[in-house]
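Read the figures in this text as sums done on the coordinates, not as results from a lab. It should be emphasised that the depicted structure is a prediction, and the values quoted were computed from it without experimental measurement. Here the Cβ positions follow ideal geometry from the backbone for every residue, glycine too, while neighbour counts run over all protein chains shown.
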Amino acid sequence: MSFRHVAIIGLGLIGGSIGLAVREHLPGVTTTGYDNDPDVRRRAAERGLADRICESSIEAVAGADLVILCVPVGAMGEAARALVPGLSPDALVSDVGSSKQATGRMLAEALPGRAVIPAHPVAGTENSGPDAGFATLFYHRWCIVTPPEGADPAKVAALVEFWRALGAMVDTMGPEHHDRVLAVTSHIPHLIAYTIVGTASDLEEVTRSEVIKYSAGGFRDFTRIAASDPTMWRDVFLNNREAVLEMLDRFLTDFAMMREAIRASDGQTLFDLFTRTREIRRSIVAIGQDDARADFGRKHNGDG
């Protein structure tokens with residue numbers, strides 16, 4: 001492993017999971033951690049999310065050869081500027097944000113002349129905070145590395161090696177392409193989930209207790225997505241605005257087509273789409289990105 005000291009700034013789900021995964025998979029690597037919230041720092045120390053929890057980001061990054069910013073996209077620039085006085089000249093700075101063009105610009109502006117290679121582990125749960133992290137979060141999940149033009153190939157390789165050591169599969173692509181891909185695979189699904197759950201809660205003719213009581217599988221799964229960290233997702237939409245709007249326009253066009261098919265009793269159009277989308281689901285299961293068991297592998301009464 002090229003890195004001997006990893007500093008983690010932000011100790012929620014992703015930052016905490018990085019610290020726990022480093023401890024499990026890279027026992028020779030030292031970790032330091034910092035979070036703006038003193039309660040988070042206290043809990044992170046209790047859980048051992050890093051070898052040492054520091055009282056400032058400057059202290060956390062001192063001597064680190066890899067710094068990973070695990071903060072909301074909107075806070076990325078401020079967090080990067082705050083750690084500059086303690087940053088080693090040769091340290092590599094990365095992040096975990098899901099809007100790579102925006103984070104790349106913020107980090108480049110905050111850290112001129114520094115080695116910056118953004119990344120995005122495509123892993124997570126609906127939970128957040130220092131109690132949410134676990135060491136296997138990244139296992140068999142993709143991490144996308146988005147090197148800026150002119151990035152040192154050796155540092156790119158070292159970052160790829162780091163994520164693979166934590167159990168992730170790693171791909172590299174340009175930040176613009178990343179943002180378009182994630183807009184359709186992650187950002188729009190979250191926007192739809194937030195919207196449909198909000199719509200259900202606002203229906204005057206259906207009480208909130210009925211929405212909760214009679215939630216079938218589809219709505220229940222939307223609520224899981226809609227329970228994700230609101231600060232993080234607010235920043236995602238604001239900082240990947242162009243790609244999200246592009247994909248949202250495409251979705252609305254397709255959605256209108258389905259509305260017209262229903263209105264016209266066009267069963268063939270509905271059947272053709274449902275058949276095609278079922279194949280997408282089967283492909284996702286086939287490559288190990290979800291559980292093939294019935295009901296997404298959920299445990300039921302009597303399960304072991």
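Laid out as a table, the results:
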{"item": "Cβ-derived FRET efficiency at R0 22 Å, Arg105 paired with Asn36, nearest 0.05", "result": "0.50"}
{"item": "Separation between Cα centres of region 16-39 and region 155-208, rounded to whole Å", "result": "23 Å"}
{"item": "Inter-label distance for Ser2 and Glu59, nm, one decimal - labels placed 7 Å from Cα along Cα-to-Cβ", "result": "3.0 nm"}
{"item": "Positive-end residue, the chain charge dipole about Cα centroid, Cβ charges, pick of Leu20, Pro189, Val93", "result": "Leu20"}
{"item": "Translational diffusion of region 41-161, µm² s⁻¹ [Kirkwood Rh, Cα pairs; Stokes-Einstein; 10 °C; 1.306 mPa s]", "result": "105 µm²/s"}
{"item": "The chain - charge dipole about Cα centre, Lys and Arg +1 at Cβ, Asp and Glu -1, debye rounded to 20", "result": "520 debye"}
{"item": "Inter-label distance for Ala157 and Arg250, nm, one decimal - labels placed 7 Å from Cα along Cα-to-Cβ", "result": "3.5 nm"}
{"item": "Approximate spin-label separation Arg278-Asp221, in nm, with each point projected 7 Å along Cα-to-Cβ", "result": "1.4 nm"}
{"item": "Spherically averaged projected area of the chain from its Cα convex hull (nm²)", "result": "18.4 nm²"}
{"item": "The chain - mean residue ellipticity at 222 nm from DSSP helices (-39,500 (n - 2.57) per run, n ≥ 4, rounded to 500)", "result": "-15500 deg cm²/dmol"}
{"item": "Test item: Cα-centred dipole of region 5-173, Lys/Arg +1 and Asp/Glu -1 on Cβ, debye", "result": "120 debye"}
{"item": "Antiparallel bridge percentage (DSSP; both residues within the chain; nearest 5)", "result": "10 percent"}
